[in-house]
Amino acid sequence: MSQTPYGPEDLAVPPLSGEDFLGLLEENYNAKLTELPAFYKKFVAGDLSRQQLQMWVKDQYFYWDNLYYTTAAAYIKCNDHTVRARLLQRLVWVEGRNVVRDIRPEWSTPAYEELFARIGDALEVSRQELDEWRPYTRTFFAITTLSVYSRSWEWTWLDCIASLYAADCFYQGVFPQLRDALSTKYGVADADLEFFDAVLNDSKENSAWAKEILPYWGCTTERQLLASRAFRERLDIEMQCVQGLAEAADGKSPFQAPEGAQIPLLIGNQITPALA
């Protein structure tokens, strides 16, 4: 998955100011998200059946169950102690604030994957169904790409920060609409939607510090070009994660990942299947 490096013509352009660089990322977001992905359009309109909502929970659980791989990868790569502290905090939020109750007794929020599974509980999706579901291939390969880009040399740690910032922008732009639809159009109780509240609150704080880090470290033309590319790639990944769901909702039969397929991990210079 090696990408073509930027050439001298690209690098001859002076870097943008920090403010203009953030403005460029905002332009990238608006260009990519001119409208909701097709599946989410139906979701927000209230046009999904209960079975299709259950399918959404089962397929997207794979995303939240594996998100820590890419968050941890950014932490491992980073050598700036201040940024590492922020990334570690983010990783704790992904894995659940309740894992650090020994030092923060007031923190009790469980992992994102657990909160997401509770939406499944409300929609009568069993935990066994979540564990046994084979994600659509679009979802599987989108998350696989995210994992490989984050863990290998495709993305620097600054690119990883740009990717995380893109995800936060996506959550902030899309998730309030999903939460509202589940509450008002599909009859899911607010008590079962804690997932959205947790992710949206966290992503608001995460994006605030990303907007401090990206302009500071993205101080050269090459860094800005690479980070903005990673930002766009993450948005593509987020949209690809619901492409299989859109096809299924249209009555098609999208392929599913083979039984036992797992996210690859980078060990040394070798890409190997993740251990069970």
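Quick notes on this one:
Each row is one residue, and each column tells you yes or no for (1) in contact with a Leu (Cβ under 9 Å, 6 or more places away or on another chain); (2) exposed (fewer than 14 other Cβ atoms within 10 Å of the Cβ); (3) aromatic (F, W, Y).
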position: L22; (1), (2), (3): yes, no, no
position: L25; (1), (2), (3): yes, no, no
position: L36; (1), (2), (3): no, no, no
position: G46; (1), (2), (3): no, yes, no
position: R84; (1), (2), (3): no, no, no
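- A276 being at pLDDT below 95 and of a type in the set (A, V, I, L, M, F, W, C): yes
- Summed over the stretch 46-63, the residues that are in contact (Cβ under 8 Å) with a residue 40 or more places away in the chain, over 22 Å from L235 (Cβ atoms) and either among the charged types (D, E, K, R) or assigned to a helix (DSSP H, G or I) (or both) give a count of 7.
- For R234, the criteria (1) surrounded by fewer than 17 Cβ atoms within 10 Å (Cβ to Cβ); (2) touching a helix residue (DSSP H, G or I) at 6+ places or on another chain (Cβ under 9 Å); (3) farther than 18 Å from Y6 by Cα hold in every case but one, which is (1).
- Odd one out for N30 among (1) at pLDDT below 95; (2) surrounded by fewer than 14 Cβ atoms within 10 Å (Cβ to Cβ); (3) not in a loop (DSSP other than H, G, I, E, B): (1)
- Looking across the stretch 106-146, just one residue is among the charged types (D, E, K, R), under 16 Å from the mean Cα position of the chain (by Cα) and farther than 21 Å from Q89 by Cα, and that is R138.
- Whichever residue in the stretch 191-212 is crowded, with 19+ Cβ neighbours inside 10 Å and aliphatic (A, V, I, L, M) and, among such residues, is farthest from R118 (Cα to Cα): A210
The rows are residues; the columns are (1) modelled with pLDDT under 95; (2) under 19 Å from the mean Cα position of the chain (by Cα); (3) not aliphatic (A, V, I, L, M).
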| site | (1), (2), (3) |
| --- | --- |
| R104 | yes, no, yes |
| V148 | yes, yes, no |
| A167 | no, yes, no |
| D180 | no, no, yes |
| L193 | no, yes, no |
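- Some residue of the stretch 231-246 being of a type in the set (G, A, S), farther than 21 Å from K32 by Cα and at pLDDT 95 or above: no
- Among the residues listed as D197, D168, D159, the single one being touching a residue at least 60 places away in the same chain (Cβ under 8 Å) and either touching a Leu at 6+ places or on another chain (Cβ under 6 Å) or within 28 Å of Q52 (Cα to Cα) (or both): D159
The values are calculated or read from the model by the stated rules, or taken from the named source; none is laboratory data. No experiment lies behind these values; they were computed from the predicted model shown. Every residue, glycine among them, receives a Cβ derived from its backbone with ideal geometry; neighbour counts consider all protein chains shown.
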